[in-house]
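Undergrad: Handing you this structure, nothing more for now.
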Amino acid sequence: MKSEGFSPPFSEIAPYYDRLMSFINYQSWVNYIERIIMIHRIEEKLILDIACGTGVCLELWLKKGYNVIGLDGSEAMLEISRNRFDYELFKQGRVKLLKSDMRNFSLDEPVPVITCLYDSLNYLLTPDELYSCFKSVYENLKSNGLFIFDMNTIHALQVEWGNQTFERRDGPIHSIWNNVFDPHTRISTLRLTLNIYENGQIKTIKELHQEKAYSLDEIRKLADDAGFKISLYRHLTFKPACEMDTRIMGVAIKL
Ligand SMILES: C[S@@+](CC[C@H](N)C(=O)[O-])C[C@H]1O[C@@H](n2cnc3c(N)ncnc32)[C@H](O)[C@@H]1O
């Protein structure tokens with residue numbers, strides 16, 4: 001979808017992304033996922049994070065002693081990720097970054113755990129795309145490996161975001177979040193405007209983002225079809241997910 005004057009998602013906002021998301025407690029997300037990994041008795045300390053963005057979670061995993069692979073489709077986001085880590089970590093093979101599409105990627109070796117966080121799967125706008133991603137993940141996992149992801153629900157996109165405009169201020173960034181939800185396609189279109197106050201001047205960035213909401217049954221069916229055994233939980237809990245949750249966690253096992 002094109003919109004006059006709006007850039008594609010994650011092109012221009014990359015340098016401002018971490019500041020905009022500074023309210024997220026990524027550490028608690030990573031701690032929760034590590035618990036799931038331990039429950040499943042996976043001992044190899046290697047994580048592939050698809051749609052890794054600016055690499056915030058990669059850094060947290062690294063601090064826990066894991067080796068990390070980050071994959072993302074946006075060169076601008078990967079560039080921020082690259083600058084986060086010392087060159088030595090790349091040389092030692094502790095960090096790898098790949099520019100690839102999460103709907104169709106291929107690693108040299110399968111990995112024990114793959115994650116995909118912060119709505120990234122909602123950016124796949126058709127069931128076929130979501131299925132392709134599940135299938136690619138499945139093919140790049142070891143046997144008994146885990147795919148752990150979060151997603152926004154229909155309730156989140158239709159009601160919480162709805163047809164509303166929000167404004168925020170994060171330090172020098174004034175952001176305007178204009179959301180429109182289409183109930184037929186279940187796609188939420190976000191026109192995001194950032195006004196950034198830098199060196200006495202205002203820089204304006206506009207990006208168009210789209211997320212699709214899937215029902216819990218659709219997610220289960222697509223993951224099943226890809227070969228997974230999947231459980232859905234309320235975000236950061238082990239309670240079963242329901243449609244009224246805003247964010248859910250998926251834990252999919254490659255049997
Ligand atoms: C909301 S950000 C989340 C970034 C990171 N996971 C986090 O938790 O901060 C979504 C990310 O998904 C990436 N992305 C969206 N569609 C993608 C695709 N088809 N393949 C690879 N990356 C994609 C974007 O480039 C962006 O970095």
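The values are calculated or read from the model by the stated rules, or taken from the named source; none is laboratory data. Computed from a predicted structure; not experimentally measured. As a convention, Cβ positions derive from the backbone with ideal geometry for all residues, glycine included, and neighbour counts pool all protein chains shown. Side chains included, ligands, DNA and RNA excluded: accessible areas come from the protein's heavy atoms. Shrake-Rupley method; radii C 1.70, N 1.55, O 1.52, S 1.80 Å.
Undergrad: For the chain, set up a GNM with springs between Cα atoms under 10 Å and report which of 25, 178, 140 has the largest fluctuation.
TA: Among 25, 178, 140, the largest GNM mean-square fluctuation belongs to 25.
Undergrad: Please list the non-local residues whose amide H lies under 5 Å from the amide H of residue 46, H modeled 1.01 Å from N, same-chain partners needing a gap of 5 or more.
TA: The answer is 67.
Undergrad: Give the shape of the range 86-175 as rounded, prolate or oblate, defined through the alpha-carbon gyration tensor: a ≥ b ≥ c are the square roots of its eigenvalues, a/c under 1.5 means rounded, and otherwise the shape is prolate if a/b is larger than b/c and oblate if not.
TA: It comes out oblate by the Cα gyration axes.
Undergrad: Please build a GNM for the chain, connecting alpha carbons under 10 Å apart, and tell me which residue among 63, 96, 142 fluctuates the most.
TA: For the chain, modelled as a Gaussian network with Cα springs under 10 Å, the answer is 63.
Undergrad: Ignoring ligands, DNA and RNA, what accessible area per residue does the chain give at 1.4 Å, in Å²?
TA: Values: 12220 Å² over 255 residues.
Counting only protein heavy atoms, the per-residue value for the chain is 48 Å².
Undergrad: Ignoring ligands, DNA and RNA, what percent of the 1.4 Å accessible area of the chain is carbon and sulfur?
TA: 49
Undergrad: Counting other Cβ atoms within 10 Å of each Cβ, which chymotrypsin sites (Phe, Trp or Tyr not before Pro) in the range 84-161 have at most 16 and sit in a DSSP loop?
TA: Working: sites: 85, 87, 90, 105, 118, 123, 131, 134, 138, 147, 149, 161; in loops: 85, 105, 118.
Nothing satisfies the criteria.
Undergrad: Roll a 1.4 Å probe over the protein heavy atoms and report the accessible area of residue 189 in Å², nearest 10.
TA: Rounded to the nearest 10, that gives 10 Å².
Undergrad: Loop-only GluC sites (Glu not before Pro) in the range 14-114, please: DSSP not H, G, I, E or B, and at most 12 other Cβ atoms within 10 Å.
TA: Filter output for the range 14-114: 43.
Undergrad: Mind running the shape call on the chain? Use the C-alpha gyration tensor, a ≥ b ≥ c as the square roots of the eigenvalues: rounded below 1.5 for a/c, prolate if a/b tops b/c, oblate otherwise.
TA: It comes out oblate by the Cα gyration axes.
Undergrad: Then there is this: Over the chain, what is the percentage of antiparallel beta bridges among all DSSP beta bridges, to the nearest 5?
TA: Rounded to the nearest five, the antiparallel share is 70 percent.
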